[in-house]
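The values are calculated or read from the model by the stated rules, or taken from the named source; none is laboratory data. The model shown is predicted, which means the values in this text are computed figures rather than measured ones. Cβ: placed from backbone, ideal geometry, glycine included. Neighbour counts: every protein chain shown.
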């Protein structure tokens with residue numbers, strides 16, 4: 001269907017602005033793996049945000065990369081660091097955990113500018129302050145060629161949500177947020193979680209960025225690949 005969101009995003013890819021400052025001719029990106037294949041991510045690293053931040057920063061510096069990137073549809077082990085991904089359980093293996101990542105993460109320096117890829121309206125925002133959660137979060141609503149959709153920006157700095165209101169208009173290219181520090185972003189190394197959502201299903205200032213692997217088909221259909229907008233992954 002030509003009015004399907006994925007088709008619309010592909011048709012409009014040339015018109016999107018960068019979500020973070022990035023020059024593909026100059027800036028190197030480093031693909032980061034957070035699956036079980038990455039044996040460097042021990043519990044000692046994951047359980048200490050300072051150690052986790054050092055791990056990320058060291059990877060970027062040693063590779064001379066401006067950003068680390070990746071994660072869409074990645075079945076991750078890193079969520080065992082937080083109970084919020086295990087439903088009501090506090091034990092990683094007791095129930096099926098949420099482990100399949102629904103956005104793309106861009107790992108970079110705190111206070112990195114975040115910009116709107118296209119015209120939008122502030123749908124909602126919140127400070128999701130549990131350890132491992134999004135921290136400061138903004139959801140924008142958009143409309144392209146008659147199709148409505150949403151973009152979610154997680155792990156922001158608190159200043160990003162202090163002077164906005166629902167219904168505020170955000171123009172394409174506007175700097176409206178920034179990457180946060182661990183105390184403001186859910187206790188994570190500095191990064192942006194960027195997610196595209198067809199239907200937010202009544203959520204406000206929040207929407208699952210990780211789902212159970214058994215629910216992947218429905219969630220991936222509702223959350224198409226954010227690189228359709230970002231155009232930062234290899235082969236974009």
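Just a few scattered comments:
- Residues within the stretch 15-48 that are assigned to a helix (DSSP H, G or I) and either over 28 Å from residue 138 (Cβ atoms) or modelled with pLDDT of 95 or more (or both), tallied: 4
- Of the listed requirements (1) surrounded by 14 or more Cβ atoms within 10 Å (Cβ to Cβ); (2) at pLDDT 95 or above, residue 133 misses just one: (2).
- Filter result (closer than 20 Å to residue 20 by Cα and outside any loop (DSSP other than H, G, I, E, B)) within the stretch 126-148: 135, 136, 137, 138, 139, 140, 141, 142
- Qualifying residue in the stretch 86-100 (condition: at pLDDT 95 or above, in contact with a helix residue (DSSP H, G or I) (Cβ under 9 Å, 6 or more places away or on another chain), surrounded by 16 or more Cβ atoms within 10 Å (Cβ to Cβ) and in a loop (DSSP other than H, G, I, E, B)): no
- Of note, residue 186 satisfies the criterion of being crowded, with 20+ Cβ neighbours inside 10 Å and either modelled with pLDDT of 95 or more or in contact with a strand residue (DSSP E or B) (Cβ under 7 Å, 6 or more places away or on another chain) (or both).
- Selection status of residue 167, modelled with pLDDT of 95 or more and either more than 14 Å from residue 123 (Cα to Cα) or in a strand (DSSP E or B) (or both): no
- Residue 138 vs. criteria surrounded by fewer than 20 Cβ atoms within 10 Å (Cβ to Cβ) and either farther than 22 Å from residue 77 by Cβ or in contact with a helix residue (DSSP H, G or I) (Cβ under 6 Å, 6 or more places away or on another chain) (or both): no
- Condition met for residue 52 (surrounded by 14 or more Cβ atoms within 10 Å (Cβ to Cβ), touching a strand residue (DSSP E or B) at 6+ places or on another chain (Cβ under 9 Å) and modelled with pLDDT of 85 or more): no
- Close pairs (6 angstrom Cβ cut-off, 6 or more residues apart or separate chains): more than 16 Å from residue 115 (Cβ to Cβ) in the stretch 2-25, part of a helix (DSSP H, G or I) anywhere: 9/228
- Condition broken by residue 7, with the remaining ones in (1) farther than 25 Å from residue 177 by Cα; (2) at pLDDT 95 or above; (3) surrounded by 16 or more Cβ atoms within 10 Å (Cβ to Cβ) satisfied: (3)
- Hits in the stretch 205-236 (condition: within 19 Å of residue 65 (Cβ to Cβ) and part of a helix (DSSP H, G or I)): 227, 230
- Checking each residue in the stretch 63-85 for being on the phi < 0 side of the Ramachandran plot, modelled with pLDDT of 60 or more and assigned to a loop (DSSP other than H, G, I, E, B) picks out 65, 66, 72, 74, 76, 77.
- Looking only at residues of the stretch 189-214 that are surrounded by fewer than 16 Cβ atoms within 10 Å (Cβ to Cβ) and touching a residue at least 60 places away in the same chain (Cβ under 8 Å), we find that the one that is nearest to the chain's Cα centre (by Cα) is 204.
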